[in-house]
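The values are calculated or read from the model by the stated rules, or taken from the named source; none is laboratory data. Just so we're clear, the structure is a prediction, and the values are computed from it rather than from any experiment. FYI the Cβ positions are ideal-geometry reconstructions off the backbone, even for glycines, and counts take in every protein chain you see. These accessible areas exclude ligands, DNA and RNA; they are computed on the full protein's heavy atoms, side chains included. Shrake-Rupley method; radii C 1.70, N 1.55, O 1.52, S 1.80 Å.
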Amino acid sequence: MKKVLITGAEGFIGTWLLCVLSSRPYQIFSVDNRSSRGERLFDKVDGASLVERCYRFDLSDYDALESILLENDFDWIIHLGAQAIIPRAFERPYETFFSNAISTLNILEICRSRSLKADIFCVTSDKVYENDGSNYSFKETDQLGGADIYSVSKSTSEFIARAYAKNHNKGGLGNIQTLRLGNV
């Protein structure tokens, strides 16, 4: 039985992922700070009943995150937790960058420094690409970047994940992957 942590599990994508994974023999834990406004699919499907334990804190809280990572031996960490509302990114650029980049850094650094072997899936966005306005479909090999803080924060998360995968995983980390979602 795999032991899985889903960050951002109470968001739209996180809830769908939770529903899919809960039909398999996985022990699922969740972290979410519930910063999104409005009704939540998570509440409508009674998402709390699908997880072993719900943790409620912000992923920028290094000590709280370290505590749950150390007390559980996760096989997978699926990192969806982020400030994902693009209009909010324009209203609150610091919060967006801090949430998106630092949460990724915290997960990877805790796993590295404590030699945790979880496979880590960092989920970002199709907004990571440098958009030159040519209206063509992006490819995974296209240049990362962006002109707005949301894009920059997600690109930074990708760069952090890449740096850890290439330079900091010798004997200390599991597999590190990034996955990019388009508009849902």
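Output the residue which, of all residues in region 121-157 that are in contact with a Phe, Trp or Tyr (Cβ under 8 Å, 6 or more places away or on another chain) and β-branched (Val, Ile, Thr), is farthest from ALA84 (Cα to Cα). Applying the filter and picking the extreme gives THR156. Just to be sure before I move on: is CYS111 assigned to a helix (DSSP H, G or I) and open to solvent by less than 10 Å² (accessible area, probe 1.4 Å) in the structure I sent? Judged against the criteria, CYS111 is a match. Is it fair to say PHE97 is among the aromatic types (Phe, Trp, Tyr), open to solvent by less than 60 Å² (accessible area, probe 1.4 Å) and outside any loop (DSSP other than H, G, I, E, B)? No, not satisfied. Residues that are hydroxyl-bearing (Ser, Thr, Tyr) and in contact (Cβ under 8 Å) with a residue 12 or more places away in the chain within region 20-65 comprise SER22, TYR26, SER30, SER35, SER36, TYR55, SER60, TYR62, listed in sequence order. When region 81-131 is filtered for residues that are within 21 Å of GLY145 (Cβ to Cβ) and of a type in the set (S, T, N, Q), the ones remaining, listed by number, are GLN83, THR96, SER99, ASN100, SER103, THR104, THR124, SER125, ASN131.
Residue-wise test of (1) in contact with a helix residue (DSSP H, G or I) (Cβ under 9 Å, 6 or more places away or on another chain); (2) surrounded by fewer than 20 Cβ atoms within 10 Å (Cβ to Cβ); (3) within 21 Å of THR178 (Cα to Cα).
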{"position": "PHE12", "(1), (2), (3)": "yes, yes, yes"}
{"position": "PRO25", "(1), (2), (3)": "no, yes, no"}
{"position": "ARG37", "(1), (2), (3)": "no, yes, no"}
{"position": "LYS44", "(1), (2), (3)": "yes, yes, no"}
{"position": "VAL51", "(1), (2), (3)": "yes, no, no"}
{"position": "ASP63", "(1), (2), (3)": "no, yes, no"}
{"position": "ALA82", "(1), (2), (3)": "yes, no, yes"}
{"position": "ARG88", "(1), (2), (3)": "yes, yes, no"}
{"position": "SER115", "(1), (2), (3)": "no, yes, yes"}
